[in-house]
Amino acid sequence: MTARLIDGKAVAKKLRAEYSVRIADLKARHGIVPGIAVILVGDNPASEVYVRNKITACRDTGIHSELYRLPSDTPEADLMKRIDALNADPAVHGILVQLPIPAHISLPAVLERIDPSKDVDGFHLYNVGALVAGNTVFPPCTPFGVQKLLEHENVPIEGRNVVVVGASNIVGKPMALMLMKQEATVAICHKKTRDLAQFTRLADILVVAAGVPGLITADMVQDGVVVIDVGINRLPDGRLVGDVDFEGVRQKASLITPVPGGVGPMTITMLLHNTIVSAERSLKLGS
């Protein structure tokens, strides 16, 4: 068996075309252009790339974006003032503070300062709590993208054994909650898990977001498993690889995401989705 690739680029392209129609409709019928504000604090090279990709995706889809660059020594109070101003701006439907931020700024305080109705990253405590309750407005973008990939491939979720490797607040925990809502049986593994393979071998669906290159090998999975590799790691030779030994595991899996070109394009696409939803909600809240 050789796994069929889940082409995140193709799925993202299809969804973005659909979103462009929704944006055009908002503009034509209501005079509203979805708008997102991106705040970049410091000059982290990886963040520069991520922000550039997000702004390009917004432009190509029809979303208006504004980038606010702040120096790395920006006081926390100044960042909060910027967020407050964007919270009050009716033309801004989404606010994104690119992570990571400098250590002298409190991340929880920043995330809580963003208006929950503009929290298109899905990191505010309100949206996290709503995710636990099963009715969040803005799901976190990466696990939301994984969910959309599984939907696109018609992968059954209900009653399946799902193992999530990685327990971060950004991917692992919300991913587990979203799959539990679809009535999967979910196990979350992390760096303290003993004998990781005893769990991964039980998985019908394996989602890996641990940040460890080649962590999952072929002997750790069962035949026919669906593998979603969220990891993206740059090796010393410059190659980008995931957390899964792609060449080995693809010989046993039924479906697998490549790195790059799998989950990555979907993360940005779900950011676009959440921004459009926020703009549509502003119509109802304003009526």
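Results, tabulated for the structure shown:
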item: Given (1) within 17 Å of GLU151 (Cα to Cα); (2) touching a residue at least 12 places away in the same chain (Cβ under 8 Å); (3) not acidic (Asp, Glu), number of the condition MET180 does not satisfy; result: (2)
item: From VAL244, VAL208, residue being in contact with a strand residue (DSSP E or B) (Cβ under 6 Å, 6 or more places away or on another chain), under 23 Å from PRO139 (Cα atoms) and modelled with pLDDT of 95 or more; result: VAL208
item: Of all residues making up region 76-122, the number that are part of a loop (DSSP other than H, G, I, E, B) and farther than 20 Å from ASN169 by Cα; result: 7
item: Criterion (in the same structural domain as VAL162 (by TED's automatic domain parsing) and at positive phi) met by exactly one of GLY242, GLY214, GLY248, GLY231; result: GLY214
item: Lone qualifier among VAL11, VAL49, VAL33, VAL21 - being buried (at least 19 other Cβ atoms within 10 Å of the Cβ) and either part of a loop (DSSP other than H, G, I, E, B) or not small (Gly, Ala, Ser) (or both); result: VAL11
item: Failed condition for LEU235, given (1) within 28 Å of ASN127 (Cβ to Cβ); (2) free of Cβ contacts under 8 Å to residues at least 24 places away in the same chain; result: (1)
item: Considering residues of region 245-274 that are in a loop (DSSP other than H, G, I, E, B) and hydroxyl-bearing (Ser, Thr, Tyr) only, the residue farthest from the chain's Cα centre (by Cα); result: SER254
item: One residue from VAL249, VAL241, VAL259 being within 25 Å of LYS191 (Cβ to Cβ), buried (at least 24 other Cβ atoms within 10 Å of the Cβ) and touching a residue at least 12 places away in the same chain (Cβ under 8 Å); result: VAL249
item: In region 141-163, the residues that are of a type outside the set (D, E, K, R) and more than 22 Å from ASP7 (Cβ to Cβ); result: GLY159, ASN161, VAL163
item: Qualifying residue in region 85-92 (condition: closer than 27 Å to ASP229 by Cβ and either among the hydrophobic types (A, V, I, L, M, F, W, C) or buried (at least 21 other Cβ atoms within 10 Å of the Cβ) (or both)); result: no
item: Residue match in region 83-105 (condition: touching a Phe, Trp or Tyr at 6+ places or on another chain (Cβ under 6 Å) and outside the structural domain of MET178 (by TED's automatic domain parsing)); result: no
item: From the options LEU111, LEU125, LEU131, LEU149, residue that is closer than 28 Å to ASP43 by Cβ, hydrophobic (A, V, I, L, M, F, W, C) and either buried (at least 21 other Cβ atoms within 10 Å of the Cβ) or touching a residue at least 12 places away in the same chain (Cβ under 8 Å) (or both); result: LEU111
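The values are calculated or read from the model by the stated rules, or taken from the named source; none is laboratory data. Quick caveat: nothing in here was measured; it's all calculated off a predicted structure. Virtual Cβ from ideal backbone geometry, glycine too; neighbours counted across all protein chains shown.
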